[in-house]
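The values are calculated or read from the model by the stated rules, or taken from the named source; none is laboratory data. The shown structure was predicted, so the numbers you read here are calculated from the model rather than taken from an experiment. Backbone-built Cβ (ideal geometry, glycine too); neighbour counts: all protein chains shown. Heads up: the accessible areas ignore ligands, DNA and RNA and are worked out on the full protein's heavy atoms, side chains in. Shrake-Rupley method; radii C 1.70, N 1.55, O 1.52, S 1.80 Å.
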Amino acid sequence: MMGTWDESYRAQAEMAFRRAETTDSDFAHISAESFNRQFESHRAVWAIGPFQRDPAMTFRKPGSWLDPLGIGWTSGAVWNPTLIERDDRLFMFYRCGPRKESLSSRIGLAIYDGTAWEDFSGNPVIYPVTSTEVLSCEDPKLYRSNDLYYLFYQGIYPLPPEARTLVAEELFSQDIGCDIHLAVSRDLVHWERVGSVVPHEISRYWAKAAVIPRNAHGEAVRIGGKFLMFLSEGCGHQQYLGYSRDLVDWDFRPQAFLPTPRDWRQIHEVACAVIDERSRPGQLILDVFYRTAHQQLAAGQVRYDVTDPTRPQESSLGGTLAWGGLMQYQGNWLYAQGWDAPPGEQSLYFYRAPVEMA
């Protein structure tokens, strides 16, 4: 399934776009505000939050882009961004598609100078160019290490018939696959694609998402001398940990790192991993999307000792589901999400929480 773009893929990309224009996802109506309200009940003192919306930072996408594939693609929603600060500016990479939580997504860039947002004139920065992302490029996660930036994202593609027969019982959808892709940059503008980072014998043709512990400034943090990647959705319903020295080449091993807490019914996905050396020294916190015993969708946080990221110490109600990670900005924790924008409005709302020092 690897390879560069071929004109024969155009029909598949166009079909994904037409399908996305008219189809609502099961998760299309979830709300960041509702997850923020869950902090109000029995929040642990170590948890990050609760968060309040900051209307002054709202990003409004000015219009649609000229789609490089030329299939008539237009956007109707923006969501699931990732943020990092560089040279006193915020760089935000965000998912953009016809409808919330739809296929046929692209990844765009916007830059905040402290007073206003500017959408990057070269958008989209990531769009389908290979066979393992022909249907969609989704959910960017950004990490800095030394002088380089590492952008992980999900590529969606049609499964070949032999894969459907082999692993259909393991898939969340029996006709599409999901790979984790990587692109690398020195300036956050020009990107070199590396390709898929999780082998299909590990992913079973479905792996989400590249959750790597990062600090309050967006830097990937080594644990035990190596970078870790938590794979929580897919992989034949088996949790995996990835190990890397350079964020490019990964060794994946089956490892249960998050058993379902007693009052949780089902874990859907780990959203992000946070290590804050100043206000929570010695702690690693996972922000998790799950379903309660009463079948309600919820967000929670799970605390680990940073020396043992496989053994949770405690869980707490309330979470952000900040798929792109939490960061500190102007004395506050910060993340953004577009779920609560009205239909047809391409906006990302920003949420802040004070940094509580230990």
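Surface listing: MET15, MET92 arranged by accessible area from highest to lowest gives MET15, MET92, probe 1.4 Å. Note on LYS141: lysines with a C-alpha under 17 Å away, same-chain residues under 8 apart excluded, are LYS208. Normalised by the number of residues in the range 284-358, the mean separation of alpha-carbon contacts (under 8 Å, six or more apart) gives a relative contact order of 20 percent. The value for the range 274-358 of Rg(Cα) / (2.2 N^0.38 Å) is 1.23. Positive end of the dipole of the chain (Cβ unit charges, origin at the Cα centre): among PRO160, ILE111, PRO124, the Cα lying farthest that way belongs to ILE111. The average projected area of the range 180-282, computed from the convex hull of its Cα atoms over all directions, is 7.9 nm². Remark: relative contact order (the chain) = 19 percent; criterion is Cα-Cα distance under 8 angstrom and separation of 6 or more residues. Per residue, the solvent-accessible area of the range 1-156 (1.4 Å probe, heavy atoms of protein chains only, all protein chains present) comes to 42 Å². Sorted largest first by accessible area at a 1.4 angstrom probe radius, with every protein chain in place, the residues ASP147, ASP175, ASP263 fall in the order ASP147, ASP263, ASP175. At the residue level, TRP117 shows approximately 50 square angstrom of accessible surface with a 1.4 angstrom probe and all protein chains present.
Counting only DSSP beta bridges with both residues in the chain, the antiparallel share comes to about 95 percent. Among rounded, prolate and oblate, which fits the range 41-106 when a ≥ b ≥ c are the square roots of the eigenvalues of its C-alpha gyration tensor, a/c under 1.5 means rounded, and a/b larger than b/c means prolate? It comes out prolate by the Cα gyration axes. If only the Cβ of Lys and Arg carry +1 and only the Cβ of Asp and Glu carry -1, the dipole of the range 227-354 around its Cα centre is close to 280 debye.
Matching the structure-derived Cα Rg over 2.2 N^0.38 Å against the labelled list (1) 1.00; (2) 1.09; (3) 0.92 gives the label (3). When GLU133, GLU233, GLU40 are compared by accessible area of protein heavy atoms, the largest-first order is GLU40, GLU233, GLU133, using a 1.4 Å probe. Per atom type, the chain shows carbon and sulfur on 47% of its accessible surface, probed at 1.4 Å. Counting only protein heavy atoms and a 1.4 Å probe, the range 214-358 has 40 square angstrom of accessible area per residue. Most mobile of ILE267, ILE275, ILE107 per a Gaussian network model of the chain (Cα springs, under 10 Å)? So, out of ILE267, ILE275, ILE107, the one fluctuating most is ILE267.
In the chain, taking the dipole from charged Cβ atoms about the Cα centre, the farthest positive-side position among SER145, TRP323, GLN296 is held by GLN296. 3J(HN,Hα) along the range 8-18, derived from phi through the Karplus expression 6.51 cos²θ - 1.76 cosθ + 1.60 where θ = phi - 60°, amounts to 5, 7, 4, 5, 5, 5, 5, 5, 4, 5, 4 Hz, with x in place of Gly and Pro. In order along the range 205-217, the Karplus-derived 3J(HN,Hα) couplings, from 6.51 cos²θ - 1.76 cosθ + 1.60 at θ = phi - 60°, round to 6, 8, 9, 9, 9, 7, 8, 10, x, 9, 7, 5, 10 Hz, and Gly and Pro are given as x.
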